[in-house]
Every structure is written in structure tokens, then in C-alpha cells.
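Reviewing the structure listed below.
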Amino acid sequence: MYRKKEKVAEFEKFDMVFGGSLRRANRWARLTDLIPWDEVEACYASLFVEQNSRPAISVRVALGSLILKENLQYCKARGIRLSGPKLGRPLSDIAKNQKQLREEQRIARQDERMRNAVEGKRRYSLDRIMTRLQATSESTIMMVFLVMNLGRLLRKTASAFFALLVSLISRLLRAQHIVSNHAAQAA
């Protein structure tokens, strides 16, 4: 059974629970203007039999979920991975799912590393640039990227230096061990 809903509030009069507002330029808001809702609702209502059964969900909710499902399939077909928690029930932590769980964790860590290298927004304060002139803003952004790249270079150089230091210490210890063994044999 389908109950026809009353008219949805106009875009400008739509009340947000958290007190925000919708932008007319939002791609989802523009999409709602393209859909002939009265025709879609009439077609959707004809699919249900009038009985004393549970009422069907709203045509807007049903169509929205189909659009989201198509969007997810589009992303999956093109190899676009979406970050964030997976939808649905999580896999149980049993032996047959261990391999898939480890692979998902590895991919999540890899994606996080890639985002961290690109998104210096919070760590390097790119979200707090408040200069007024365009030239000053560009200079500030260039300086932030310079600092980001220098930090990355420093981390790589420091790790290479540390690896070299560890190898030198191990060589010295081996040489000392050889010399002490040779001295013990001579005595």
C-alpha cells in the first residue's frame, strides 16, 4: 500500500534540524529540480496494491537510495574507493574472513597514507589561511607546500641516515667481535 505524501516544502522554506541551510548550487538540489516528482510518484504508487499492509516508503527515499546505489556501482566499476565505514553488517572475525579483513585494513591504511601526503589541510593549516590579497594568499600557500615537502624530505633523509647508522654500528660490533675472538685465540 502506498500513501501519497503531502507536498514537500519549497527549497527556500525547507527547515534543517541542525539549523543549517541548503545551497541551491548543490548537485543534489539541482537534481531534484530535474525530476518530475508528480509523474514519478504516480508511477511508483501504481506498483502497490491497496491492502491492509505496511505502507511503502516515500518515492523520494526510494529513488534517492537507487541513485546512491548506482553511484556506488559507478565508483566500484571505475576503481574509485570510498573511504569511511562500510555499509551493512561488518564481517565476523572468523578464520574464513581473516584474509579479506586484512586486505581491507591494508587498503584503508594505504589510502590514509596517500590522503595524508596530499591533504595538508589541518596539519599544515591550509584551512586557516586568512590573508586578503591574492598575491599574499598564493605566497602563503606556496610556503605551506614548501614546508610540507621539506618535512617529507627530512623524514626520508632521517630514515636513510638512521639505516646507515644502524648498519655502521652492526659492522663495528662484528669487527670488535672478530678482534676479540682473534685475541682470545692468540692467548
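Between Leu82 and Arg174, residue separation times 0.36 nm minus the direct Cα-Cα distance comes to 28.1 nm.
Placing +1 on the Cβ of every Lys and Arg and -1 on the Cβ of every Asp and Glu, with nothing else charged, gives the range 48-187 a dipole about its Cα centre of roughly 160 debye. Once you order the gyration tensor axes a ≥ b ≥ c over the Cα atoms, which shape class does the range 43-187 get: rounded for a/c under 1.5, otherwise prolate or oblate by comparing a/b with b/c? Oblate.
If the chain between Val49 and Leu31 were fully stretched, how many nm would it gain, using 0.36 nm times the residue separation less the Cα-Cα distance?
Result: 3.5 nm gained on full extension.
Every number in this text was worked out from the coordinates using simple rules, so none of it is lab data. Quantities reported herein were computed from a predicted structural model and do not represent experimental measurements. Every residue, glycine as well, gets a Cβ built from its backbone with ideal geometry; the counts of neighbours run over all protein chains shown.
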